[in-house]
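Undergrad: Structure provided below as structure tokens; questions to follow.
The values are calculated or read from the model by the stated rules, or taken from the named source; none is laboratory data. Keep in mind that what you see is a predicted model, and the values were worked out from it rather than measured. Cβ: placed from backbone, ideal geometry, glycine included. Neighbour counts: every protein chain shown. SASA here: full protein model, heavy atoms, side chains in, ligands and nucleic acids out. Shrake-Rupley method; radii C 1.70, N 1.55, O 1.52, S 1.80 Å.
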Amino acid sequence: QARLFKPPRDCSGWPGSVSDPFESRWVGGEQAGRQPKPMSGERRRTSKSIWRLRCIERPEIGNSLEHPVRLIIFDFDETLTLVTLMTSNGSYNEEQMGWAREVNFESPWVEGSRVEKLHAMLTELAHGKDGQCRVLAILTRNGSASGVSAVINLMKVANLDTHFACVWSMPTKPTAKCGAYQVDGEWHFFDPPVRVGHDHKADVLQRIAADPTAWFPQMAIKTAASARLALQLNALKVEQIVLVDDQRANFQSESGSHVLRYCKVARYDAEYRSFGFMRDMGGIGAHDDADYEALKRFVEDPWMCKDTFMVRCQERDFEGSEARRPVKLVVFDFDETLTMATFMPEEPDFSTKIGWTPDSISEWSKSDLVKYNFESPWTDGSRVYKLRSLLRSLASSDDGGRIARLCARLRRLHQVASRSSEARMLAVLTKNEQGVVAVLNLLLLAGLADHFSAIWTIPARASGPNGAYRVGKRWKTFNPPVDMVPEHKADVLHNVARDPAKWFPQFDLEGASEAYPGLVGLRVENIVLVDDERANFRSPLEEEAKVMRYCKVARYDKEYRNCGALNQMGGIGAHSDADYATLKSFVESPWDFPYENMMAKSLRENSKQSTGPTAPPADGIQMHRSQTESSLFRDTSANETSDRPKAPRVRRSPSLGHSISLQHAATMSTPTMSHQLEGSSLTPGPPSA
């Protein structure tokens, strides 16, 4: 049951776009959206985390080092595409290709070409830096009447089809083939056993693992490429498959089957180009380039993303690790690491005036800001109090180095080297877009700021300071050299180690070498990064800067207070007080938390498969957004549970009896949105319930 509408007549204002060549209508799938209900009193939840994909390995896998990833299966609609808009017959002429590539694959919210980034990511997934070769495929519920050929044709407009061995469509269609496989750059159509068994992706993955030859017909063809494919998929296990999808319901079936390794792509509502309000969009990297690195890192080391609510600490192998150098600097992320979820007032002084406090007419009270940002409803006692105790124990001194100076004198007198007595410095490195003053003010309100010596924000902001440092109880702003360093936390920390004085201005003060001994002779292995974003531990740039010691904070989706369901939450100790003890033990003895021991390395080497290189990408409107379970127009007959909207977040005020929105602050504001298709034009519909 398709709804019809026409594309915009003029798209010439879009970067890299061409004029609309389509004379006939596009087709939309089922369940047209509705005009959003107006929101009042918007408040921002400030973090980009809700835009990012989330990767999970279920604990049932056990010793996951024995099961390297060998097959990666992608959903198509709103996973590879941002939104799926197809011609009615599923084919494209030369004039239509540029426009189709633009609206389906290119993101207006990030710089650069998303298609080029997808090409780079898919190439690295197939031939990872870890030496593991992998097979890529697509499993989709795209509802085009043309079947799987429509998906392949749309992939071809961006030359993305070259990366995939097979494409499968479900459920079966009586008039079109539901499968296609690629041999030497040519696609051949067939009918995989989709109709056998339960109609759910988790069940299909079980059947693929049980009999790969039924799903990859090219394995039976006597060519070198087919022989390599057969070797890659020989004795395949479901534990070795990753599913990348924007529908959470696809990871667990009613039959009891569930996907053991998966990446959940963020869904969102947005004003999209000239289409207006569109609902349930998606797409890897649609809002944040961190998605590409996160997916690559997960496929290489899925065991680092165990589905647990506890922190995970690691020390990498590095030259000189046997010397067991002590931790001198602990750097914390802010959003979803120190906070549970970051909510900030919109008052201008909050982001510009150090020491801001809410007054009687402020939208937030001090207690509510502390409660919503820092306190956990899932543990006993005050999380803020526990954080203070943790930070106090991680640093040897709260008063700017008094104990450190005393220890230095004792060492000179007794010539005793005592690692445990050295003061550690604590700092915050954040990407929060409200700026360093806003972050500092939240820490001040919670009584946490005095434990830190500096706060830095990236990327560089021209509109305000990018850093703040503490001398005694007083905070001052400054500009660290963030504009001279790549915009990645690993690169920043390497720069901090090379020239700490530029990041800690108090280090230039008289007597600073005694007050801050941790900064003398600082190495990158003396630094611990505590963060909820795994992609922040290794830079994607050619130099591949790495954080040698780090602690990954768990992320999760959960009903939070009276805000409803919030996604991509985090926070040290949010669910377990064991986090504090684990982090403290790691900082004291990071060598007790090795990244991989020799046995793990041996297992990994033995499980590698060797294959040839991936073929390079080949060279290369009437459209419809097809009826698909993950489309703008959701197929309501499908057995699935729709994801809750990502934003705005709503905090319900019991005293006023109305809702106050808590909206995510990212590159663009996050509207709740949808649209109604009426006749052949795109028009707003009634407010949603």
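Undergrad: Confirm whether CYS305 is touching a helix residue (DSSP H, G or I) at 6+ places or on another chain (Cβ under 7 Å) and under 25 Å from ALA449 (Cβ atoms).
TA: Answer is no for this residue.
Undergrad: Here is a follow-up. Under 6 Å by Cβ, and 6 or more places apart or on different chains, what pairs join a residue from the range 271-296 that is open to solvent by 10 Å² or more (accessible area, probe 1.4 Å) with one that is of a type in the set (Ser, Thr, Tyr)?
TA: So the pair list comes out as PHE277/SER674; ARG279/SER674.
Undergrad: Follow-up question, since we're still on this one. With the requirement that a residue be outside any helix (DSSP H, G or I) and either farther than 12 Å from VAL135 by Cα or among the aliphatic types (A, V, I, L, M) (or both), what does the range 207-229 give you?
TA: Once the filter is applied, which keeps residues that are outside any helix (DSSP H, G or I) and either farther than 12 Å from VAL135 by Cα or among the aliphatic types (A, V, I, L, M) (or both), the range 207-229 yields ASP211, ILE221, LYS222, THR223.
Undergrad: From the set of residues in the range 84-112 that are assigned to a helix (DSSP H, G or I) and open to solvent by 30 Å² or more (accessible area, probe 1.4 Å), which is modelled with the highest pLDDT?
TA: Residue satisfying both the conditions and the ranking: ARG101.
Undergrad: Still on this model: What number goes with the only condition from (1) farther than 30 Å from TRP109 by Cα; (2) in a loop (DSSP other than H, G, I, E, B); (3) at pLDDT below 90 that LEU236 does not pass?
TA: Result: LEU236 fails condition (3) only.
Undergrad: In the range 239-263, how many are open to solvent by 10 Å² or more (accessible area, probe 1.4 Å), of a type outside the set (A, V, I, L, M) and not in a loop (DSSP other than H, G, I, E, B)?
TA: Number of matching residues: 6.
Undergrad: Here's something else I'd like to know. Could you grab me the full set of residues in the range 127-155 that are surrounded by fewer than 22 Cβ atoms within 10 Å (Cβ to Cβ), touching a Cys at 6+ places or on another chain (Cβ under 8 Å) and small (Gly, Ala, Ser)?
TA: If the condition is that a residue be surrounded by fewer than 22 Cβ atoms within 10 Å (Cβ to Cβ), touching a Cys at 6+ places or on another chain (Cβ under 8 Å) and small (Gly, Ala, Ser), then ALA137 is the only one that fits.
Undergrad: May I pose another question? Does LEU80 satisfy the condition of being surrounded by 20 or more Cβ atoms within 10 Å (Cβ to Cβ) and not in a loop (DSSP other than H, G, I, E, B)?
TA: When the stated conditions are applied, LEU80 does not pass them.
Undergrad: State all residues of the range 502-536 that are acidic (Asp, Glu) and either at pLDDT 95 or above or closer than 30 Å to ALA574 by Cβ (or both); if no residue qualifies, say none.
TA: Correct list: GLU525, ASP531, ASP532, GLU533.
Undergrad: Working only within the range 113-150, note down all residues that are assigned to a helix (DSSP H, G or I) and touching a Leu at 6+ places or on another chain (Cβ under 9 Å).
TA: ARG114, VAL115, LEU118, HIS119, MET121, LEU122, LEU125, ALA126, listed by residue number.
Undergrad: Just to be sure, is VAL196 open to solvent by less than 20 Å² (accessible area, probe 1.4 Å), outside any helix (DSSP H, G or I) and among the hydrophobic types (A, V, I, L, M, F, W, C)?
TA: Considered against the rule, which asks whether it is open to solvent by less than 20 Å² (accessible area, probe 1.4 Å), outside any helix (DSSP H, G or I) and among the hydrophobic types (A, V, I, L, M, F, W, C), VAL196 comes out as no.
Undergrad: Okay, next question. Out of the residues in the range 360-375 meeting the condition of being in a loop (DSSP other than H, G, I, E, B) and buried (at least 19 other Cβ atoms within 10 Å of the Cβ), tell me which one is nearest to the chain's Cα centre (by Cα).
TA: Checked the range 360-375; the qualifying residue nearest to the chain's Cα centre (by Cα) is GLU375.
Undergrad: Of ARG325, ARG316, which residue is within 30 Å of SER393 (Cβ to Cβ), within 24 Å of the chain's Cα centre (by Cα) and surrounded by fewer than 20 Cβ atoms within 10 Å (Cβ to Cβ)?
TA: Just one listed residue meets the conditions, ARG316.
Undergrad: Moving on. I need the full set of residues from the range 466-483 which are more than 25 Å from the chain's Cα centre (by Cα), surrounded by fewer than 18 Cβ atoms within 10 Å (Cβ to Cβ) and of a type outside the set (Val, Ile, Thr), in order please.
TA: Listed by number, the residues that qualify are GLY472, LYS473, ARG474, LYS476, PHE478, ASN479, PRO481.
Undergrad: What number goes with the only condition from (1) modelled with pLDDT of 90 or more; (2) open to solvent by less than 20 Å² (accessible area, probe 1.4 Å); (3) not aromatic (Phe, Trp, Tyr) that LYS117 does not pass?
TA: Result: LYS117 fails condition (2) only.
Undergrad: Can you find a residue that is among the basic types (Lys, Arg) and within 21 Å of the chain's Cα centre (by Cα) anywhere in the range 108-123?
TA: Within the range 108-123, one or more residues are among the basic types (Lys, Arg) and within 21 Å of the chain's Cα centre (by Cα).
Undergrad: Sticking with this one: Looking at ASP269 and the list (1) in contact with a strand residue (DSSP E or B) (Cβ under 6 Å, 6 or more places away or on another chain); (2) acidic (Asp, Glu); (3) part of a loop (DSSP other than H, G, I, E, B), which single condition is not satisfied?
TA: Answer for ASP269: the failing condition is (3).
Undergrad: Same structure again: Give me the pairs: first residue in the range 558-577 and at positive phi, second residue open to solvent by 30 Å² or more (accessible area, probe 1.4 Å), beta-carbon distance under 6 Å, and six or more apart or on different chains, which are they?
TA: GLY573/LYS386
Undergrad: Follow-up question, since we're still on this one. What number of residues within the range 320-359 satisfy the criterion of being acidic (Asp, Glu), touching a helix residue (DSSP H, G or I) at 6+ places or on another chain (Cβ under 9 Å) and part of a loop (DSSP other than H, G, I, E, B)?
TA: Qualifying residue count, the range 320-359: 3.
Undergrad: So, one more: Go through the range 484-506 and give me each residue that's in a loop (DSSP other than H, G, I, E, B), open to solvent by 30 Å² or more (accessible area, probe 1.4 Å) and closer than 20 Å to LYS431 by Cβ.
TA: Passing the criteria: PRO486, GLU487.
Undergrad: Kindly list the number of the only condition in (1) touching a strand residue (DSSP E or B) at 6+ places or on another chain (Cβ under 9 Å); (2) open to solvent by less than 10 Å² (accessible area, probe 1.4 Å) that fails for ALA158.
TA: Exception for ALA158: condition (1).
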